[in-house]
Amino acid sequence: MKKLIALMLSAMLMLMSFSAVAAEKLVVGTNAEFPPFEYIGDDGTIQGFDADLIAAIMGKIGQEFEMNNMEFGSLVFALQNGQLDMVIAGMTISEERKQYVIFSDPYFEATQKILVQEGSATKAAQDITADMTIGVQEGTTGDMYATDNLPAKVERYNKALDAVLDLKNGRLDAVMVDAAPSEYLAKNVGGVVVLEENLSEEQYGIAMKKEDTQLQEKVNVALKELVESGEYDALYAKYFSVIESEAK
Ligand code: ARG
């Protein structure tokens with residue numbers, strides 16, 4: 001009998017540790033349509049500032065993970081329904097999103113920018129009129145800004161790149177995207193420029209499930225260590241040629 005109990009106990013323990021191991025690998029969601037934060041590299045893997053940052057954070061925490069690429073507009077919901085454990089996607093910390101998820105401390109400062117065709121008469125947001133059409137990536141803060149603050153018709157795309165291509169083709173009058181991706185997209189597509197004006201003040205954070213406050217704490221500690229050790233600055237220099245101290 002004792003033997004049986006011992007056997008059952010060890011079987012239970014094995015099962016428990018097995019499920020603990022299985023649950024250990026966290027699933028991190030992103031939308032790899034946002035260079036230089038996340039994009040699909042030549043080898044087909046997800047690369048970029050965010051990909052490197054999350055790898056460094058997970059390394060510090062000692063946590064295995066895998067990346068899952070999905071539509072930006074699905075990320076918050078996928079966290080809520082348990083399909084994802086974390087999201088790193090150049091995601092702006094907002095009060096609206098905080099209703100559904102929690103965020104790490106901010107890791108990047110961002111702003112919205114307007115792109116137009118080279119030589120366009122549109123030089124700033126105030127030149128945008130009701131007869132114009134502006135492209136955005138669906139569900140982004142650029143989408144919200146354009147919808148709430150600009151008179152133009154808003155055209156929503158799955159990928160910011162497709163919006164910029166339509167701008168080049170003349171199907172759109174303008175595009176609104178975060179600053180750093182704007183520069184990347186403009187350079188890659190050509191024939192379009194990024195206007196000077198900064199239209200918002202935003203900060204990116206890593207999103208987690210509401211109940212994962214312990215994970216949030218670990219992520220914040222790791223983030224802090226990466227900043228203090230200079231690893232964050234090295235990463236910044238890898239993707240952005242000039243180190244601006246406020247870009248943290
Ligand atoms: N910062 C913006 C937002 O949070 C855009 C982020 C888009 N990110 C992406 N990986 N596509 O809404």
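The values are calculated or read from the model by the stated rules, or taken from the named source; none is laboratory data. The shown structure was predicted, so the numbers you read here are calculated from the model rather than taken from an experiment. Glycine gets a Cβ as well: all are built from the backbone with ideal geometry, and neighbour counts include every protein chain shown. These area figures cover heavy atoms from the full protein model, side chains too; ligands, DNA and RNA do not enter into them. Shrake-Rupley method; radii C 1.70, N 1.55, O 1.52, S 1.80 Å.
So how much accessible area does residue 148 have, in Å² to the nearest 10, using a 1.4 Å probe?
Here the residue's solvent-accessible area equals roughly 120 Å².
Just to make sure I understand: if all protein chains stay in place, what is the order of 156, 97, 171 by accessible area at 1.4 Å, largest first?
Result, largest first: 171, 156, 97.
Run down the lysines and flag those whose C-alpha is under 24 Å from the C-alpha of residue 168, throwing out any fewer than 8 positions away in its chain.
113, 123, 153, 159, 187
Could you work out how far helix 49-61 tilts from the main Cα principal axis of the chain, as a 0 to 90 degree angle to the nearest 10?
20 degrees
Accessible area per residue, 1.4 Å probe, Å², for the chain: what's the number?
52 Å²
Using alpha carbons only, how many degrees (0 to 90, rounded to 10) separate the axis of helix 213-228 from the longest principal axis of the chain?
Taking the Cα atoms of the chain, the angle to 213-228 is about 60 degrees.
Note the angle between two axes, namely the Cα long axis of helix 179-189 and the longest principal axis of the Cα atoms of the chain, as a number of degrees from 0 to 90, rounded to the nearest 10.
70 degrees
When the C-alpha atoms of segment 63-110 are aligned to their principal axes, what extent does each axis show, in angstrom, from largest down?
The principal-axis extents, from largest down, are 25, 21, 19 Å.
Please report the spacing between the Cα centers of segment 57-76 and segment 106-177 in Å, no decimals.
Result: 28 Å between the Cα centres.
Hey, if we sort 86, 67 by accessible area with the 1.4 Å probe, largest down, what's the order?
Ranking 86, 67 by accessible area, largest first, yields 67, 86.
Which of the peptides 177-188, 32-43 is most tightly packed, and how do the rest follow, going by the mean number of other Cβ atoms within 10 Å of each residue?
Top to bottom by mean Cβ count within 10 Å: 177-188, 32-43.
Students sometimes get this wrong: rank 140, 45 by accessible area, probe 1.4 Å, all chains present, largest first.
Working: 140 15, 45 65 Å².
Sorted by accessible area, descending: 45, 140.
What percent do you get for the relative contact order of the chain when only Cα pairs under 8 Å and 6+ apart count?
Relative contact order here is 25 percent.
Roughly how many percent of the accessible protein surface of segment 46-193 is carbon and sulfur, given a 1.4 Å probe and a whole-percent answer?
It is 44 percent, rounded to a whole number.
Setting aside same-chain residues fewer than 8 positions from residue 25, which lysines have a Cα under 25 Å from its Cα?
Once the sequence-local lysines are set aside, what remains near residue 25 is 60, 98, 209, 210, 218, 224.
Could you tell me the extents of the chain's C-alpha atoms along the three principal axes, largest first, rounded to whole Å?
Cα extents, longest axis first: 87, 36, 35 Å.
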